[in-house]
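A quick write-up on the structure given underneath.
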Amino acid sequence: MKPMTIEWVEKAEGDFAILLRESRARKNPSHDGACFHAQQCAEKYLKARLCESGIEFTKIHDLVALLIQALAVEPAWERFREDLAYLSDFAVTFRYPGESADKATAVDARQRCRKFRKAAREALGLAQK
């Protein structure tokens, strides 16, 4: 695996760890943070897969745009389009005043992220954790 791909995976796993920590928090959980880190995990796995395939990408947070690029090497990932579109909004939506995530939204984000993470790790030849 390319060194830069490994870095993307490590960053994705860091976001996944934060997502899980926030999901388990009993006192003052940040549902906004959980949703943001679910989006970030998916974004970084998409970028890892693109990087590993030598497909250049710009500095964007739009998961569907990244998915469209990744479909050239992972056509089966089309099944994640709806999940990634859902997660994509969390790059910004809950980061500013005006809207906040609730527990149900955070649980949904975690489940969608977990499904995509599993497929991304398989595509990269990584063991499931």
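Overview of values
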item: Qualifying position, being among the hydroxyl-bearing types (Ser, Thr, Tyr) and within 16 Å of the chain's Cα centre (by Cα), among 88, 100; result: 88
item: Every residue from segment 18-71 that is assigned to a loop (DSSP other than H, G, I, E, B), closer than 26 Å to residue 107 by Cα and either touching an Asp or Glu at 6+ places or on another chain (Cβ under 9 Å) or in contact (Cβ under 8 Å) with a residue 24 or more places away in the chain (or both); result: 29, 30, 60, 61, 62
item: So residue 56, is it surrounded by 12 or more Cβ atoms within 10 Å (Cβ to Cβ), charged (D, E, K, R) and closer than 23 Å to residue 9 by Cβ; result: no
item: Counted residues, segment 1-58 - those being under 19 Å from residue 99 (Cβ atoms), of a type in the set (Gly, Ala, Ser) and in contact with a Cys (Cβ under 8 Å, 6 or more places away or on another chain); result: 1
item: Segment 72-95 - residue that is assigned to a loop (DSSP other than H, G, I, E, B) and either exposed (fewer than 14 other Cβ atoms within 10 Å of the Cβ) or touching a His at 6+ places or on another chain (Cβ under 7 Å) (or both) and, of those, modelled with the highest pLDDT; result: 72
item: Members of segment 96-114 that are loosely packed, with under 14 Cβ neighbours inside 10 Å and either in contact with a strand residue (DSSP E or B) (Cβ under 7 Å, 6 or more places away or on another chain) or under 19 Å from residue 9 (Cα atoms) (or both); result: 111
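Yes/no per residue for (1) at pLDDT 95 or above; (2) within 12 Å of residue 117 (Cβ to Cβ); (3) buried (at least 24 other Cβ atoms within 10 Å of the Cβ):
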residue: 7; (1), (2), (3): yes, no, no
residue: 14; (1), (2), (3): yes, no, no
residue: 17; (1), (2), (3): yes, yes, no
residue: 20; (1), (2), (3): yes, yes, no
residue: 29; (1), (2), (3): no, no, no
residue: 34; (1), (2), (3): yes, no, yes
residue: 42; (1), (2), (3): yes, yes, yes
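The values are calculated or read from the model by the stated rules, or taken from the named source; none is laboratory data. Please read these numbers as outputs of a predicted model, since none were measured by experiment. Here Cβ is always computed from backbone atoms with ideal geometry, including for glycine, and neighbour counts include all displayed protein chains.
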